[in-house]
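What follows is a set of notes on a single structure, which appears directly below.
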Amino acid sequence: MPQSAEKVLDHAPLFREPEYRQMLADKKLNFECPHQDQVVTDQREFTKTWEYREKNFAREALVINPAKACQPLGAVFAATGFERTMPFVHGSQGCVAYYRSHLSRHFKEPASAVSSSMTEDAAVFGGLKNMVDGLANTYKLYDPKMIAVSTTCMAEVIGDDLHSFIENAKEEGSVPRDFDVPFAHTPAFVGSHVDGYDGTVRGILEHFWKGQERTEALGTINIIPGFDGFCVGNNRELKRLLDLMGVSYTFIQDASDQFDTPSDGEYRMYDGGTKIQDVKNALNAEATLSLQHYNTRKTLEYCEEVGQATASFHYPLGVQATDEFLLEVSAISGKEIPEAIRLERGRLVDAMADSQSWLHGKKYALYGDPDFVHAMARFIMETGGEPTHCLATNGTTAWEDEMKELLASSPFGKEAQVWAGKDLWAMRSLLFTEPVDLLIGNSYGKYLERDTGTPLIRLMFPIFDRHHHHRFALMGYQGGLRVLTTILDKIFDKLDRETSETGVTDYSYDLTR
Amino acid sequence: MSLEYENDGALHAKLIEEVLSQYPDKTAKRRKKHLNVAKSGDEPGEEGEILSECDVKSNIKSIPGVMTIRGCAYAGSKGVVWGPVKDMVHISHGPVGCGQYSWSQRRNYYVGTTGIDTFGTMQFTSDFQEKDIVFGGDKKLEQIIDEIEELFPLNKGITVQSECPIGLIGDDTEAVSRKKAKEIEKTIVPVRCEGFRGVSQSLGHHIANDAIRDWVFEKREVEFEGGPYDVNVVGDYNIGGDAWASRILLEEIGLRVVGNWSGDATLAEIERAPKAKLNLIHCYRSMNYICRHMEEKYGIAWMEYNFFGPSQIEASLRKIAKHFGPEIEEKTEKVIAKYRPLVDEVIAKYRPRLEGNTVMLYVGGLRPRHVITAYEDLGMVIVGTGYEFGHNDDYQRTAHYVKNGTLIYDDVTGYELEKFIEGVRPNLVGSGIKEKYPVQKMGIPFRQMHSWDYSGPYHGYDGFAVFARDVDLAINNPVWGLFEAPWKRRPSRGRAMAAE
């Protein structure tokens, strides 16, 4: 009997005990009707070949292990970044359980959202009654300042009209006439979570800005961060930089406090977020800057329509991307970039110079949201690394073109390949046929690490199996330091592991590296 | 080992009144039927026998906008029943999200080479686009099945897990499945588990069970030599290895587990289930349907059992043994005796550290009742419990587990649960990921009782030791004593004890 009270064995050691190994071997042999071991081995080896890769890339319909989620997840995340705002998703209720779980598993924080709980009858008659009752209940129970409505694919397929439904609900007194209920249609069968983010932020801006007189306040800036699992660290870091510069700015959509509430005995359903009044005032800003272009295409269009200047970035991280962001802020605000920031920049460059010998020529595979992949590819090239595979399941042809342009701008990008619309099963073939030193992505990459032996660095949403990384910034020069250190740790840990066998490889197990 | 105690029914009644007063009238009227205080249980009785009254309305529609914790039919089928069948490919048929959010989240452990002969921790989706909604997805589904065959030739079959749009746009996944099954000569199972069907996960379980009956049973020749002690374990999803920690006991008492549904399951185990002598059902809620069918059609008896905590394990083992007669009964007594020292050690170690601590539960399936005695074995007190998607028969089965005055909540809303926990301030809450962090922010220890908080197994004797350790480490961690800044400090609530 392997178990004891003295040393309790949980799943990881328990099932490696001989009793269990034997039991599982017998189960397989007697009851599972398995394939012959050789057949399994042959197939496994076949999946490592170029021939399998070609079959894999010939897929047209089946998607396996995609690196993207659906629009309403982005909508819920976006809504969460506004003051006392309850995300309300109109459609089937199971979806909302999924969004909340997904966000909680990444942030290790509460994630509140409600559903209009539509079922078969609503599929036939439409979900108006659900909207009317739902808004009334949410308003009464959860005391929000705003309810931001989005849709699941069910409501989209049956064609529920949010605008008229919300009007109807207000007529029926679900919420006061002047209560803010912005909305966005967020069909799951179009785009991905980054588009749900875009639609929701645009919906909120339209709700507050439409028909309002704009009085331009020169030098003021709106910042829209985009869907970002590292918002907690990033937003705070960017605010610090903007404060150092003395810029007058408004973060539009800021979930950094909502997803980082303290443990002090009080559960805060709402915390932080962009104040409603600030959203209203933001109409007057001279410019709106997006930190993630592919998260804000429609929102920026609208900002231009109302007369604002706009600019967008790709997750400003590393040296040159941060430079560009700060220069743009400086140009619009008329504020100089202070010496303190120049020193920070110098410290990042210093760190990169100190470590360059370990980074030069390293090959990487990158995947994630389009702006993130762009940012990482750029930073890696700054360190002398080569972004061999750049993959975004939700990358568009426009993204592909932009990536190719970026990669062509550096000798370190000349071998790089861009994979728009491909999934992580395609990445598996890439890693077998054209191997790299490091893989950068999120927790889903752990299966690739297991199968191909490529060390995984988790730097993008969602990260379920490591804790608290999202609390630290990746953007800006400081964020660059964090990314740099994370990559180096992975390289050194691997090298130590490979050189640690006593009397065999440990001559290279150097104390100083 | 039944623990004697009574809960503060008056307080609980008051809490119910308070939460109801906050709802709009219409909603309050509806929610009132889901909340109750259990009344006077005398002697513990047989499963199913109502000795105390904890009746609430259940298995009816959730109210819009109240933040129900429930999921959907797809979650019940793909997430619970079918997903763990390891040598089949399960297509999340529709848009990308459902498959993405449920990918690898239930911790259904299995042994196999993933992507080659097993497919459990993968996400296969038809990733519906607008054109699929407009023109239908049947053609696409056919092509997907071909591509699966090309890339994963060692799969034993395929299931098509319908997401919301499929039923709304009128796709005929049954016709596609029939046609392609003939073509590739493998089992293909269409499951109509669109998320808008029914009121919770529960209908998804039922639909998934029916799909086994209609698309797996009697579809292919099954060559299998049955034996006198053949059993199926039904409704154990092998979360954190639960089914393995159960199987080892059943084998030790002399039974042959010919199929495990559906944790670590293969299609072969499902196909030959009708040849077994007895169905042992752990999660009654999600798999009773197929057991009833097998009883009617094949005359296979079924029996509920409970492998949480030593009291229930012993009772269940004896009940199971009785079905098979003296030879098995004798072995069973030996097995119980063999594990008794482990049980005694675990209780001796952990009970003094946990005695008298109060627990509130809010879970799904079988757990709101099945785990109660495991806590009581450790001297802990259950003050409240409720089901996400239980039916009337679940609440009947709960009656003899709970004590007088226990707070009962069906399909609890976020608001109610928060207020109940605030009002009761239990020493531990056992619920899901969505509830974990709000509860911990209040300074109350928490364990996820769906995923075992990434631990497990919790079933069987080996699992009980893990369960006891986990409850102890949750409650007795020093962090709970650090919540208040010293300049704001009131008397500390923390009662940390170092690990032993």
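The values are calculated or read from the model by the stated rules, or taken from the named source; none is laboratory data. Owing to the predicted nature of the structure, the values given are computational and were not obtained by experimental measurement. All Cβ positions, even for glycine, are placed from backbone atoms using ideal geometry, and neighbour counts span all protein chains on display. Accessible surface is based on the protein model in full, side chains and every heavy atom, while ligands, DNA and RNA are left aside. Shrake-Rupley method; radii C 1.70, N 1.55, O 1.52, S 1.80 Å.
Overview of results
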read-out	value
Condition check for A:Phe492: farther than 18 Å from A:Ser256 by Cα, hydrophobic (A, V, I, L, M, F, W, C), open to solvent by less than 80 Å² (accessible area, probe 1.4 Å) and touching a residue at least 40 places away in the same chain (Cβ under 8 Å)	yes
Number of the condition not met by A:Ala255 [criteria: (1) touching a residue at least 12 places away in the same chain (Cβ under 8 Å); (2) surrounded by fewer than 24 Cβ atoms within 10 Å (Cβ to Cβ); (3) farther than 30 Å from B:Ile133 by Cα]	(2)
Members of the stretch B:193-233 found to be assigned to a loop (DSSP other than H, G, I, E, B), among the basic types (Lys, Arg) and surrounded by fewer than 20 Cβ atoms within 10 Å (Cβ to Cβ), listed by number	B:Lys219, B:Arg220
Of all residues in the stretch A:388-405 being touching a Pro at 6+ places or on another chain (Cβ under 7 Å) and open to solvent by 10 Å² or more (accessible area, probe 1.4 Å), the one that is nearest to A:Leu431 (Cα to Cα)	A:Thr393
Those helices (runs of 4 or more DSSP H) lying entirely in the stretch A:403-513 with at least 3 residues touching a helix residue (DSSP H, G or I) at 6+ places or on another chain (Cβ under 7 Å) and under 30 Å from A:Phe46 (Cα atoms)	A:424-433, A:446-452
The listed residue being open to solvent by 10 Å² or more (accessible area, probe 1.4 Å), within 14 Å of another protein chain (Cβ to nearest Cβ) and at positive phi, out of A:Gly211, A:Gly246, A:Gly307, A:Gly265	A:Gly265
Criterion: small (Gly, Ala, Ser), farther than 15 Å from A:Met376 by Cβ, in contact with a Lys or Arg (Cβ under 9 Å, 6 or more places away or on another chain) and more than 14 Å from chain B (Cβ to nearest Cβ) - qualifying residue of A:Ala408, A:Ala416	A:Ala408
Count of residues meeting criterion [open to solvent by 10 Å² or more (accessible area, probe 1.4 Å), more than 24 Å from B:Tyr74 (Cβ to Cβ) and more than 7 Å from chain B (Cβ to nearest Cβ)] in the stretch A:101-127	0
Set B:Gly356, B:Gly365: member being touching a Gly at 6+ places or on another chain (Cβ under 9 Å) and within 14 Å of B:Asp472 (Cβ to Cβ)	B:Gly356
Residue count, the stretch B:116-162 (criterion: more than 9 Å from every other protein chain (Cβ to nearest Cβ) and within 16 Å of A:Pro66 (Cα to Cα))	2
Identity of the residue in the stretch B:328-360, within 14 Å of chain A (Cβ to nearest Cβ) and open to solvent by 80 Å² or more (accessible area, probe 1.4 Å), that ends up farthest from B:Arg425 (Cα to Cα)	B:Lys334
Condition check for B:Lys61: within 14 Å of chain A (Cβ to nearest Cβ), at pLDDT 95 or above, open to solvent by 10 Å² or more (accessible area, probe 1.4 Å) and part of a helix (DSSP H, G or I)	no
Qualifying residue in the stretch A:53-61 (condition: open to solvent by 60 Å² or more (accessible area, probe 1.4 Å), facing chain B (nearest Cβ under 8 Å) and out of contact with any strand residue (DSSP E or B) (no Cβ under 8 Å at 6 or more places or on another chain))	yes
Output for the stretch B:90-108, where each listed residue is touching a Ser or Thr at 6+ places or on another chain (Cβ under 7 Å), open to solvent by less than 10 Å² (accessible area, probe 1.4 Å) and of a type in the set (A, V, I, L, M, F, W, C)	B:Ile91, B:Val96
Test set (1) more than 14 Å from chain B (Cβ to nearest Cβ); (2) open to solvent by 10 Å² or more (accessible area, probe 1.4 Å) - A:His185 fails condition number	(1)
Out of B:Asp171, B:Asp87, sole residue that is more than 15 Å from A:Asn65 (Cα to Cα), surrounded by 20 or more Cβ atoms within 10 Å (Cβ to Cβ) and over 29 Å from the mean Cα position of the chain (by Cα)	B:Asp171
Residue in the stretch B:428-447 that is surrounded by the fewest Cβ atoms within 10 Å (Cβ to Cβ), counting only those that are under 23 Å from B:Ile347 (Cα atoms) and touching a helix residue (DSSP H, G or I) at 6+ places or on another chain (Cβ under 6 Å)	B:Leu428
Residue match in the stretch A:364-374 (condition: of a type in the set (Asp, Glu) and under 24 Å from A:His293 (Cβ atoms))	yes
In the stretch B:448-459, residue surrounded by the most Cβ atoms within 10 Å (Cβ to Cβ) [restricted to those that are in contact with a Phe, Trp or Tyr (Cβ under 9 Å, 6 or more places away or on another chain) and more than 9 Å from chain A (Cβ to nearest Cβ)]	B:His459
Filter result for B:Val412 (farther than 17 Å from B:Ile372 by Cα and more than 10 Å from chain A (Cβ to nearest Cβ))	yes
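Listed here are the residues, each with its yes/no results for (1) in a loop (DSSP other than H, G, I, E, B); (2) open to solvent by less than 30 Å² (accessible area, probe 1.4 Å); (3) within 14 Å of another protein chain (Cβ to nearest Cβ).
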residue	(1), (2), (3)
B:Ile270	no, yes, yes
B:Asn279	no, yes, no
B:Arg285	no, yes, no
B:Cys291	no, yes, no
B:Met294	no, yes, no
B:Lys297	no, no, no
B:Asn306	yes, yes, no
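Conditions (1) among the hydrophobic types (A, V, I, L, M, F, W, C); (2) under 30 Å from B:Ala276 (Cα atoms); (3) over 39 Å from the mean Cα position of the chain (by Cα); (4) open to solvent by less than 30 Å² (accessible area, probe 1.4 Å), marked per residue:
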| residue | (1), (2), (3), (4) |
| --- | --- |
| A:Met1 | yes, yes, yes, no |
| A:Glu6 | no, no, yes, no |
| A:Leu9 | yes, no, no, yes |
| A:Arg16 | no, yes, no, no |
| A:Glu19 | no, yes, yes, no |
| A:Lys27 | no, yes, yes, yes |
| A:Asn30 | no, yes, yes, no |
| A:Gln38 | no, no, yes, no |
| A:Thr47 | no, no, no, yes |
